[in-house]
Amino acid sequence: MEAIRLAVLGLNQGAKAARDAAASERFDLAAVAGMGPQAQAVAAELGAPLYEDYQELLESVVLDGVVIALPNGLHLPAVKAALAVGIKHLLVEKPIADTEEDARMIIDACDQAGATLLIGHQRRSSATMLFLKQFIEAGNLGDIVGIQCSAIYAKPDSYFDIDWHRTTGPLLINAIHDVDDLHYLTGMRVKRLYAAARNSIRGGEVEDSASIVFEYAEGPTCTYFVSDGVPGPWGYDLAAEEMHFINCRPGENSLRVFGTKGSFGLPNMDFYRYGPGQYGWTEPLLKTHYEVGRPDPATATLEHFGDLIDGVELVPRCSGEEGLATLKVVQAILKSAESRSVVELDAD
Ligand SMILES: NC(=O)c1ccc[n+]([C@@H]2O[C@H](COP(=O)([O-])OP(=O)(O)OC[C@H]3O[C@@H](n4cnc5c(N)ncnc54)[C@H](O)[C@@H]3O)[C@@H](O)[C@H]2O)c1
């Protein structure tokens, strides 16, 4: 099979996809786009032709697929530009877009062009998530009753040297991953939520902590806490040992799913239940710990993209509609925190 001709637009977060593509025989990293010394360094490291203007790249290079890792506001124009030159496979970083309107236009444009759209919610390619999703689907937990989830991170001072890190809070940067995880794992849709946000740690323009109560259309409820200014191991990225730049602290669970037959802690992969014929707190509560591989989920996402391009897989792990559903929940969270009121979602 011929190598897949790929371009990566945007070389900060996109540098990971560019490096993965360059390291894989399956892909031919035909070109990259980005501006400034960091983009120049990545292009030089990988020996890939660099374009400062992504439009020029798309008009100049013949491609089978494109990874769009540009700032969110450029996702829609870049998708349109890629479709205009006939590209049929697009991997767009999360969030699908900044606004629901842009997201809808991205989805419709891809549909009309008959193009495959994959949104880069990379945790959908984590081995932990795939395991738990199948474990739930197999009925091991019984009926899901409730969920507790947290995203606890202590971001270093240097993180806030980047302008937009001071104006975009952990709800949009971190909570969006957890919201998407819950969609993916359970298939449930948020019907109603209330969010209370604070900026009491850094006193900045945006929140540095928030608590949220979710009600799902299917019945269960979820409580969630996020903060990017407290030390603790109860965030997926610290606990899962998947992010190469984080000093991880495995052994804890950031997510607990409670079911009528048992409860599961992720990413430490702990399942609690009673033995056959036993039930209740006077009986021994049994624990099974599962070992799963910890492949890099971003690398696995690019492999999945390759499978979609090669036709080995037909269904994107995160479609445009799923990316939009996640975006809608995060926007509802922001609206609730701002208005200090319950927000209803159209969870159909
Ligand atoms: N999946 C994840 O965990 C994750 C993590 C971080 C960021 N992201 C997403 O990745 C995307 C990019 O985020 P980032 O943090 O890398 O942003 P960034 O602003 O740091 O980098 C953007 C890149 O795009 C390039 N660029 C901007 N305009 C361009 C143009 N007109 N032509 C060519 N290149 C251009 C810049 O030079 C830079 O290389 C965003 O959608 C973001 O939400 C995803």
(request) Mind computing the radius of gyration and Dmax over the alpha-carbon atoms of the stretch 252-298? Å is fine for both. (result) 12.9, 44
(message) Give the lysines whose C-alpha is closer than 25 Å to that of residue 328, dropping any in the same chain fewer than 8 places away, or say none.
(response) 80, 94, 133, 191
(request) For the chain, give the percent of accessible area contributed by carbon and sulfur heavy atoms, probe 1.4 Å, rounded to a whole number. (result) 52
(request) Would you please report the Å³ per residue occupied by the convex hull of the alpha carbon atoms in the chain? (result) 147
(request) Leaving out ligands and nucleic acids, note down the accessible area per residue over the chain with a 1.4 angstrom probe, in whole Å². (result) 46
(message) How far apart, in nanometres, would the label points at residue 310 and residue 161 be if each is projected 7 angstrom from Cα along the Cα-to-Cβ direction?
(response) 4.0
(request) Would you mind counting up the charge near residue 254? Only other residues with Cβ under 13 Å from its Cβ, with Lys and Arg at +1 and Asp and Glu at -1. (result) -4
(message) So, R0 is 51 Å and r is the distance between the beta-carbons of residue 62 and residue 270; what FRET efficiency does that work out to, to 0.05?
(response) 0.55
(request) Specify whether the C-alpha gyration tensor of the stretch 78-117 places it in the rounded, prolate or oblate class, a ≥ b ≥ c being the square roots of the eigenvalues: rounded for a/c under 1.5, otherwise prolate if a/b is larger than b/c and oblate if not. (result) prolate
(message) I'd like the Karplus ³J(HN,Hα) series for the stretch 168-183: coefficients 6.51, -1.76, 1.60, θ = phi - 60°, whole numbers in Hz, and an x wherever there's a Gly or Pro.
(response) 10, x, x, 5, 7, 8, 10, 4, 4, 5, 5, 4, 5, 4, 5, 4
(message) What is the angle, in °, between the Cα long axis of helix 75-84 and the longest principal axis of the Cα atoms in the chain? Nearest 10 is fine, range 0 to 90.
(response) 50
(request) May I ask for the angle, rounded to the nearest 10°, between helix 100-113 and the longest principal axis of the chain, with both axes built from Cα atoms and the value confined to 0 to 90°? (result) 60
(request) Please arrange 281, 234 by accessible surface area, largest first, computed with a 1.4 Å probe and ligands excluded. (result) 281, 234
(message) No solvent, one uniform scatterer per C-alpha: report log10 I(q)/I(0) for the stretch 4-119 via the Debye equation at q = 0.11, 0.16 1/Å, two decimals.
(response) -0.30, -0.65
(message) Using Cα springs under 10 Å in a Gaussian network model of the chain, which residue among 275, 47, 146 shows the largest mean-square fluctuation?
(response) 275
(request) Evaluate the distance, in nm, between pseudo-label points positioned 7 Å from the Cα of residue 196 and of residue 134 along their respective Cα→Cβ axes. (result) 4.1
(message) Once each part is reduced to its C-alpha centroid, what is the distance from the stretch 34-74 to the stretch 144-196 in angstrom?
(response) 29
(message) If the only charges are +1 at each Lys and Arg Cβ and -1 at each Asp and Glu Cβ, what is the size of the charge dipole of the stretch 111-179 around the Cα centre, to the nearest 20 debye?
(response) 100
(request) With a 1.4 Å probe and every protein chain left in place, tell me how much accessible area residue 328 has, in Å² to the nearest 10. (result) 80
(message) What figure, in Å² to the nearest 10, do you get for the accessible area of residue 198 with a 1.4 Å probe and non-protein molecules left out?
(response) 130
(message) Give me, ordered by chain and number, the residues 5 or more places off residue 116 or on other chains with an amide H under 5 Å from its own placed amide H.
(response) 89, 90
(request) Ignoring everything but the protein chains, give the 1.4 Å probe accessible area of residue 135 in square angstrom, nearest 10. (result) 20
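Fully extended, how many nm does the chain gain between residue 99 and residue 23 (0.36 nm per residue separation, minus their Cα-Cα distance)?
Difference between extended and current length: 24.0 nm.
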(request) For 102, 28, write out the residues from largest to smallest accessible area, computed with a 1.4 angstrom probe and no ligands counted. (result) 28, 102
(request) Compare 285, 334 by solvent-accessible area with a 1.4 Å probe and give them largest first, with all protein chains kept in place. (result) 285, 334
(request) Counting helices only, and only those DSSP H runs with n ≥ 4, report the 222 nm mean residue ellipticity of the chain as the sum of -39,500 (n - 2.57) divided by its residues, in deg cm²/dmol to the nearest 500. (result) -10000 deg cm²/dmol
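Between residue 84 and residue 145, take the C-beta separation as r, use R0 = 51 Å, and let me know the FRET efficiency to the nearest 0.05.
0.55
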(request) Quickly work out the residue 321-to-residue 154 label distance, labels modelled 7 Å from Cα along the C-beta direction, and quote it in nm with one decimal. (result) 4.4
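The values are calculated or read from the model by the stated rules, or taken from the named source; none is laboratory data. Everything quoted here is computed from the prediction, not taken from an experiment. Ideal geometry is used to build each Cβ from the backbone, glycine not excepted, and the neighbour counts take in all protein chains shown. With ligands, DNA and RNA removed, areas are computed over all heavy atoms of the protein, side chains included. Shrake-Rupley method; radii C 1.70, N 1.55, O 1.52, S 1.80 Å.
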